[in-house]
Amino acid sequence: MTNAAKPAASLGERSMTTSVYHDGERAVQRSAGEVGIADRNGVVIADTILGGARPFIGKQSMVVLASVDADGAPWSTVLFGQPGFAHADSAAQVTVDLPAALRDPEEPFWRNVAANPAVGTLFIELGSRRRYRINGALERLDDGGFDLAVREAYPNCPKYIQRRQLRRIEGDAAPALLGEGRALDEDARAIVRRADTVFVASHHQERGADASHRGGSPGFIQVASDILLRIPDYSGNSLFNTFGNLTLDPRVGLCIPDFEGQRLLQLSGRARILHGQDDPHGLTGGTGRFWEVAIERWLLRRAPQRLDWEYLDASPFNPAVEG
Amino acid sequence: MRYLIDAIIRHGPVVKEFRLAPEGGAPPPWQPGAHIELHFTSRAGASHRNAYSVVGEQRGMLRIAVQREEGGRGGSRVLHDEFEPGMMLEVSLPLNAFKLHAGRTRTVLVAGGIGITPMLPMARALDAAGASYRLHYLARDAERLVLADDWTGLGPERVQTHVTATQGRPDLACLIGPWEEGCELHACGPSLLLEAIRAAAAAQGWPQQHVRFESFGVRAHDEDSPLQVILRQTGMTLDVAPGKSILDAMIEADVFVSYECKRGECGNCYAGVVSGEPLHRDVCLNAQQRAMGMTPCVSWARGPLLELDL
């Protein structure tokens with residue numbers, strides 16, 4: 001961004017807040033008219049893990065991850081393990097224990113972190129709608145697992161999370177790459193149309209990778225074509241970490257779990273944010289914001305564990321979907 | 001950002017208007033309904049953080065109206081009693097949390113007491129756009145109908161005042177009218193009034209997304225009793241006394257909880273209720289959301305036990 005493009009308002013912003021936001025985040029906050037709210041809400045962003053979040057992390061059996069490939073494209077994925085496989089032994093570090101034998105070698109995450117240490121994590125407990133975000137850098141990667149040094153950590157709100165209980169997890173399923181391609185095939189399109197949960201990976205050159213969650217009623221992700229998705233952006237915490245990153249670098253990774261089929265659909269593409277859209281059916285819940293993802297690559301993998309999910313209920317905050 | 005108090009204008013017995021000039025430059029952009037947060041310290045050393053709606057702008061200054069509240073933490077009393085023109089205040093950027101949605105058919109604005117403040121820029125914007133709207137201004141007595149210069153200019157067919165001490169509370173159903181496509185309702189006032197407006201609007205078919213609220217004032221009620229709050233996921237029980245919010249008690253106990261506005265307006269601290277009987281005092285949740293959970297930032301429970309899925 002050139003100096004000329006920077007509005008004078010940014011002078012005032014600095015006096016009320018430390019620079020927890022980069023230019024891309026500020027740009028989207030301005031477009032949404034939510035700079036002041038972002039400043040207020042930004043106080044929850046810490047550089048260490050909140051005391052109460054450490055036991056929470058220790059009981060999780062899944063972690064959502066954002067990593068960046070050798071070309072700089074972010075990828076989103078989910079890793080599973082028995083409760084306790086992830087733990088924060090200090091406020092400054094998270095450890096994930098996942099022996100090499102239990103990993104899927106086709107999972108892009110392992111390749112990516114070997115080349116680029118930027119990792120975003122989201123610990124999300126679908127059963128209680130709680131989530132905690134930790135972004136940082138990979139410090140150790142070996143046959144036992146990896147350590148992540150915390151750069152920023154903060155809780156996210158429970159909205160738009162569909163409740164699911166992971167009843168059982170067994171590490172004996174054979175991982176498999178079920179398919180890959182450029183334009184979505186029929187199977188992949190069906191997973192997208194059914195989806196009520198999607199994880200998003202984005203990346204910022206200095207701030208690193210970021211993992212986030214988007215949820216809605218099935219059908220909230222519109223399959224505009226076999227290479228284009230259109231997704232409403234519901235009202236959130238006004239921080240715009242994901243959209244801020246995408247404003248500066250539109251490359252985006254999506255991971256859509258197929259809970260029943262024990263599969264993960266991973267997409268890589270480019271995002272475009274659309275402000276001030278007509279929304280006669282209230283699909284955005286009032287924000288008038290959509291984003292489009294032009295898909296460049298997809299992978300469909302079977303999870304390396306057998307996962308037994310019980311669907312409990314939809315978020316009472318989900319806006320309407322079309323049709 | 002630092003602002004100079006340029007002038008203080010009295011409006012009746014309990015309201016003072018502050019005209020705030022930003023140090024070195026023009027005020028930042030703001031939208032109708034926006035509020036700013038004032039950060040200040042009393043002579044006794046107590047620090048305060050109070051939110052006030054932007055009433056308007058005058059000669060490069062932001063205007064706010066501060067009502068002296070006898071209850072609460074005392075921030076408004078400090079502003080009334082200790083601040084004078086020429087003194088400085090630390091002020092946040094405008095927070096556009098309460099946005100104006102102009103209805104294609106008609107827009108209803110309801111202000112209760114000092115809740116008139118965000119409604120004035122909204123009414124001006126609707127006026128300027130030539131929109132069909134009506135502003136209802138409820139106050140206990142005539143001398144609490146403040147900022148008259150701001151609303152008398154809007155025209156008698158636009159503004160209707162209601163003095164409740166003599167006339168009683170107006171028929172809210174009649175004042176809101178039946179829902180039709182293209183209608184929008186905005187209201188700002190004490191939470192009890194907003195709750196009544198919500199009920200009256202729902203009874204006439206208004207979908208909740210077209211009913212928009214900003215609330216103020218203390219949410220605690222005198223009859224609130226102490227609570228034992230069981231946090232099922234955390235495995236912790238907290239004793240919370242009335243006067244402190246359940247959310248603040250959780251934050252102090254280092255419980256992992258998300259929150260943002262702390263005013264019952266955003267719903268981001270929403271917690272599932274496992275057992276107990278919540279007393280909802282938010283202005284953001286719909287009936288379905290309330291049936292499953294609550295906002296611990298402002299809501300209470302009948303007690304003595306409340307179990308949350310946190």
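The values are calculated or read from the model by the stated rules, or taken from the named source; none is laboratory data. All of these numbers come straight from a predicted model, not from anything done at the bench. Methodologically, a virtual Cβ is constructed for each residue, glycine included, from the backbone with ideal geometry; neighbour enumeration extends over all protein chains shown.
Listing for the model above:
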| item | result |
| --- | --- |
| Output for segment A:27-51, where each listed residue is at the interface with another protein chain (Cβ under 7 Å from one of its Cβ atoms) and either assigned to a helix (DSSP H, G or I) or touching a residue at least 60 places away in the same chain (Cβ under 8 Å) (or both) | A:GLU34, A:VAL35, A:GLY36, A:ILE37, A:ASP39, A:ARG40, A:ASN41, A:LEU50 |
| Residue ID - farthest from A:ARG163 (Cα to Cα), chosen from residues in segment A:274-319 that are basic (Lys, Arg) and part of a strand (DSSP E or B) | A:ARG297 |
| Extreme residue, farthest from the other protein chains (Cβ to nearest Cβ), among residues of segment B:241-274 that are more than 21 Å from A:TYR160 (Cα to Cα) and over 24 Å from the mean Cα position of the chain (by Cα) | B:GLU252 |
| Residue check, B:GLU277 more than 14 Å from chain A (Cβ to nearest Cβ), without any contact (Cβ under 8 Å) to a residue 40 or more places away in the chain and more than 14 Å from A:GLY52 (Cβ to Cβ) | yes |
| Single residue of segment A:274-289 satisfying the filter (surrounded by fewer than 20 Cβ atoms within 10 Å (Cβ to Cβ) and within 20 Å of A:VAL252 (Cα to Cα)) that is farthest from the other protein chains (Cβ to nearest Cβ) | A:LEU274 |
| Segments classed as strands (runs of 3 or more DSSP E), wholly inside segment A:58-124, with at least 2 members that are more than 17 Å from the chain's Cα centre (by Cα) | A:86-90, A:93-97 |
| Residue satisfying all of: in segment B:84-97; at pLDDT 90 or above and in contact with a Gly (Cβ under 9 Å, 6 or more places away or on another chain); nearest to B:CYS284 (Cα to Cα) among these | B:PRO94 |
| Unmet requirement for B:ASP282, which otherwise passes all of (1) surrounded by fewer than 23 Cβ atoms within 10 Å (Cβ to Cβ); (2) within 14 Å of chain A (Cβ to nearest Cβ); (3) not hydrophobic (A, V, I, L, M, F, W, C) | (1) |
| Every residue from segment B:33-50 that is in contact (Cβ under 8 Å) with a residue 24 or more places away in the chain and either in a loop (DSSP other than H, G, I, E, B) or in contact with a Lys or Arg (Cβ under 9 Å, 6 or more places away or on another chain) (or both) | B:GLY33, B:ALA34, B:GLU37, B:LEU38, B:HIS39, B:PHE40, B:SER42, B:ARG43, B:ALA46, B:HIS48, B:ASN50 |
| Residues (assigned to a strand (DSSP E or B) and at pLDDT below 95) located in segment B:113-138 | none |
| Residue satisfying all of: in segment B:285-310; more than 7 Å from chain A (Cβ to nearest Cβ), surrounded by fewer than 24 Cβ atoms within 10 Å (Cβ to Cβ) and part of a loop (DSSP other than H, G, I, E, B); nearest to the chain's Cα centre (by Cα) among these | B:LEU285 |
| Residue in segment B:171-186 that is on the phi < 0 side of the Ramachandran plot, in a strand (DSSP E or B), in contact with a Gly (Cβ under 6 Å, 6 or more places away or on another chain) and not polar (S, T, N, Q) present | yes |
| Set B:VAL240, B:VAL229, B:VAL211: member being surrounded by 15 or more Cβ atoms within 10 Å (Cβ to Cβ), over 29 Å from A:ILE124 (Cβ atoms) and not aromatic (Phe, Trp, Tyr) | B:VAL211 |
| Qualifying positions in segment B:92-112 - within 11 Å of the chain's Cα centre (by Cα) and in the same structural domain as B:LEU193 (by TED's automatic domain parsing) | B:ALA111, B:GLY112 |
| Test: residue in segment A:223-235 that is of a type in the set (Gly, Ala, Ser) and surrounded by fewer than 18 Cβ atoms within 10 Å (Cβ to Cβ) | yes |
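Per-residue answers, yes or no, for (1) in the same structural domain as B:ARG144 (by TED's automatic domain parsing); (2) over 18 Å from the mean Cα position of the chain (by Cα); (3) surrounded by fewer than 22 Cβ atoms within 10 Å (Cβ to Cβ):
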| residue | (1), (2), (3) |
| --- | --- |
| B:ALA7 | no, yes, yes |
| B:ALA21 | no, yes, yes |
| B:ILE64 | no, no, no |
| B:ARG68 | no, no, yes |
| B:HIS80 | no, yes, yes |
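Here is a yes/no grid of residues against (1) crowded, with 20+ Cβ neighbours inside 10 Å; (2) not small (Gly, Ala, Ser):
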residue: B:ARG140; (1), (2): no, yes
residue: B:CYS183; (1), (2): yes, yes
residue: B:CYS188; (1), (2): yes, yes
residue: B:LEU192; (1), (2): no, yes
residue: B:GLU195; (1), (2): no, yes
residue: B:PRO207; (1), (2): no, yes
residue: B:ALA220; (1), (2): no, no
residue: B:GLU223; (1), (2): no, yes
residue: B:MET236; (1), (2): no, yes
